[in-house]
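Enquirer: Have a look at this one before I ask anything.
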Amino acid sequence: MSLLETMKEEGRRLRESSGNTKYEKKNWFKPPVGDALIRILPHWSDPKNSPFFHVDKIHFVPKVLKNGAKINLPTKCLEDTAKGCPICAHVIETQLNEPDSPVWRLKASVRFLYNIIDLTKGETLKIWAAPYGIHKDVMMYLDDLNSEFWDLEEGRNWKLTTTKTPKTEYRIRPSSAASAVSNKMKEGLDKMVVLDKVYEENRSDMLAFLGKSSVETDEPSVNVKEELERLEDHEPIQDEKKTDAPLGNEDLERELEKLGI
Ligand SMILES: [Zn+2]
């Protein structure tokens, strides 16, 4: 390939990923069906005084990229900003006028973001949008354990069991014993994700989707009604990929047994 072609290719790649690069690059944890072993990590910059998790409210805003690809762009809900949230306002208004509209699919969903080490196969730093039920259970164990389970020295590992019957269900339990994070992982923790920067504010994409864009754009616009149908499963982009890697990992079995979970 000539240099010109290589540069053109790079340009195409950049355009295609426009607005979504940051989100896709993250190393998301996708719970495998079966057992997984994870370690919930402390706050990324203030482990002594700040919670280990971050809560965000996001909308999946349908967007057409310049290459014609359609994505559901995860975008921070703007309800706490001075101007308010255009998507929330649109949902409320539409529901008043058209009670049967599938507009509820645009409602904000809550994400509980964790930094974790995935210990299932080796050790990998990942971020996890924990389901609400899991977050509730983890918080419940605060009373049971009465210790800072996210602590690097005296914290706990967790066993996460995922079943599909066919509905996906999760169960999480802490190890019966405390353990320290490995030195190798401790050294890499400066790469922990700043969880309050995972999702971005994107008012212009929201307005463009609603057809209220004040800025001239050469991007094709989105058909709101059509896109609402497409939003049916209302799932984040990372969950669209197949996550059914079965485990059957003997090392993991042994590890879980040792931990008493
Ligand atoms: Zn909103």
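Enquirer: In nm, to one decimal, how far is the T6 label point from the A180 one, both placed 7 Å along Cα→Cβ?
Expert: Distance between label points: 4.7 nm.
Enquirer: So for the pair E154, L96, with labels modelled 7 Å out along Cα→Cβ, what separation do we get in nm?
Expert: For E154 paired with L96, the spin-label model returns 5.5 nm.
Enquirer: A follow-up question, please. Order by neighbour count: H43, H54, fewest other Cβ atoms within 10 Å first, most last.
Expert: H43, H54
Enquirer: So between D80 and V110, what do we pick up on full extension, going 0.36 nm a residue minus the alpha carbon distance?
Expert: Full extension from D80 to V110 adds 9.4 nm.
Enquirer: To continue, here is another question. Calculate the spin-label point distance for S204 paired with R254, positioning each point 7 Å from the Cα along the beta-carbon direction, and give it in nanometres.
Expert: Each label point is offset 7 Å from its Cα along the Cβ direction, giving 5.5 nm.
Enquirer: Once amide H atoms are placed 1.01 Å from N in the peptide plane, what residues at a sequence separation of 5 or more from F149, or on another chain, have their amide H within under 5 Å of its amide H?
Expert: none
Enquirer: Also: On a 30 Å Cα-Cα criterion, which of the cross-link pairs K136/K164; K164/K212; K76/K126; K121/K191; K48/K83; K8/K121 come out too long?
Expert: K164/K212; K48/K83; K8/K121
Values quoted throughout were computed directly from the atomic coordinates according to the rules given, and no laboratory measurement underlies them. A quick note: this is a predicted structure, and the numbers were derived from the prediction, not measured. Note that each Cβ is placed from the backbone with ideal geometry, even for glycine, and that neighbours are counted across all protein chains shown.
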